[in-house]
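The values are calculated or read from the model by the stated rules, or taken from the named source; none is laboratory data. Keep in mind that this is a model prediction, so the values were computed, not measured. Glycine also receives a Cβ, built like all others from the backbone with ideal geometry; neighbour counts cover every protein chain displayed.
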Amino acid sequence: MVKRIDKLVLDAAQADIPVSSRPFADLGAKIGVSETEVLKVLKAYKKKGVVRRIGGSFETRKLGFSSTLAGARVKPARLAAVAEEISKFPGVTHCYEREGEMNLWFTVGVRGTMAGVDKKIASFRRLPGVEKCYSFPVKKMFKIKTMFPL
């Protein structure tokens, strides 16, 4: 059972963490708990694996970046090595194995235009074991704020 303070903290942290020098103090002030209590709750749920990540979501296009979702078909014996190599690139996120013809999915972003993204995807296509690698760039952006109220 989730305690009342835990619920308040977890709900508030999903909705809006203030951009300030003391965001958890400010968050706590909004819901009537201390910064220490906010951090205690968040650390406990992170340790339990309930909270995976606390961080910002940026409008990458407004910051001058271009990105794409990519799907690759990689020989099973090379999948781990290819995923590791692709994940080394700082603009890669969400690099996961999946079942199906395209068995490795990831996003890749670069500062600049889609030409830079295409160049990076082309380099990934040349990795040993990669049979195909497709780019699925955004045609229309949909931002959905996901909340899991407790």
Residue set Ala15, Ala44; condition modelled with pLDDT of 95 or more, loosely packed, with under 14 Cβ neighbours inside 10 Å and farther than 30 Å from Cys133 by Cβ; output residue Ala44
In the stretch 122-139, anything over 17 Å from Gly64 (Cβ atoms) and within 19 Å of the chain's Cα centre (by Cα) is listed as Ser135, Phe136
Read through the list (1) aliphatic (A, V, I, L, M); (2) surrounded by 12 or more Cβ atoms within 10 Å (Cβ to Cβ); (3) modelled with pLDDT of 95 or more, then give the number of the only condition that Ala122 fails. (2)
Search the stretch 73-114 for residues being at pLDDT 95 or above and of a type in the set (Gly, Ala, Ser), and hand back the single one that is surrounded by the most Cβ atoms within 10 Å (Cβ to Cβ). Ala83
Identify all residues within the stretch 92-118 that are over 23 Å from Phe58 (Cα atoms) and either in contact with a Pro (Cβ under 8 Å, 6 or more places away or on another chain) or among the basic types (Lys, Arg) (or both); write none if there are none. Arg98, Asn103
Go through the stretch 110-140 and give me each residue that's without any contact (Cβ under 8 Å) to a residue 60 or more places away in the chain and outside any helix (DSSP H, G or I). Val110, Arg111, Gly112, Thr113, Arg126, Leu127, Pro128, Gly129, Val130, Glu131, Lys139, Lys140
So Asp26, is it free of Cβ contacts under 8 Å to residues at least 60 places away in the same chain, within 30 Å of Lys139 (Cα to Cα), surrounded by 12 or more Cβ atoms within 10 Å (Cβ to Cβ) and not assigned by TED's automatic domain parsing to the domain that holds Lys120: no
If you take the residues of the stretch 126-135 that are loosely packed, with under 15 Cβ neighbours inside 10 Å and in contact with a strand residue (DSSP E or B) (Cβ under 9 Å, 6 or more places away or on another chain), which of them is farthest from Leu63 (Cα to Cα)? Glu131
